[in-house]
1. With just the Cα atoms defining each centre, how far is the range 49-69 from the range 214-270? Give it in Å.
2. When only Cα pairs under 8 Å and 6 or more residues apart are kept, what is the percent relative contact order across the range 216-275?
3. Test of understanding: ordering 160, 193, 40, 180 by Cβ neighbours within 10 Å, fewest first, what list do you get?
4. When a/c reaches 1.5 or more, the comparison of a/b and b/c decides; with that in mind, is the range 22-107 rounded, prolate or oblate per its Cα gyration tensor?
5. Based on other C-beta atoms within 10 Å, arrange 194, 64 from fewest to most.
Ligand SMILES: [Zn+2]
Ligand SMILES: [Zn+2]
């Protein structure tokens, strides 16, 4: 069947001018879709770039706009997903269709992305705050990306990003990944850790930076989540761009991440999940 060309929805036409990615490093930028970041890797106006995550739904046109301002008409070589939660893949289908590019995700995340499995329903009783209360209403079945999604190479390499590798960081979801560049210790953590207390709607809107554990309402395996944070802290990142919240760098990041790794139970695990 012939795919229809992508047409932006009416509600996507607003604030196109504000659709601008913020620079973090010369070749790394992020753009916030309401409360979730998408990340652009690649220097502006160079031939190759890659998009990490796709944000919430109805943001495809704004992400395309931000990409155009940064890369002109060059489409990304690929889309890489840190995981398949609805707020990270909401615009994935439209973007893959528009650019006609492959999507890569961890092998253990594939079932959720091809319509075979749904994530557990968000737990509104943990974490507190408005966003947790709303979490049971968040979709747990991601869009079916069967036509585009492929598993990442098993060796940890990232297609089209020669200097980067991915690290399997399960816990938040089974096939969650983070990305890391050893040469300057830049990290894209996805939701393995974030820099805003996502359960608190106030903190989400003020965007005060502080390293936090994964969003509690959707994290399904806390012991794995703890191991994943320990793994990432051991890499001692100099800069981290997380799925939610502002990018962080330097000593604040390193101290707070190490604190989270050492005191994960107290700082991140909801009380009723203690064993
Ligand atoms: Zn998530
Ligand atoms: Zn998230």
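1. 25
2. Relative contact order here is 36 percent.
3. Ranked by crowding around the Cβ, least crowded first: 160, 180, 40, 193.
4. The shape class here is rounded.
5. So the ranking, lowest neighbour count to highest, is 64, 194.
Throughout, read-outs are computed from the coordinates displayed, never taken from laboratory work. What you see is a predicted model, and the numbers here were worked out from it, not measured in a lab. Using ideal geometry, Cβ is built from the backbone for each residue, glycine included, and neighbour counts are taken over all protein chains shown.
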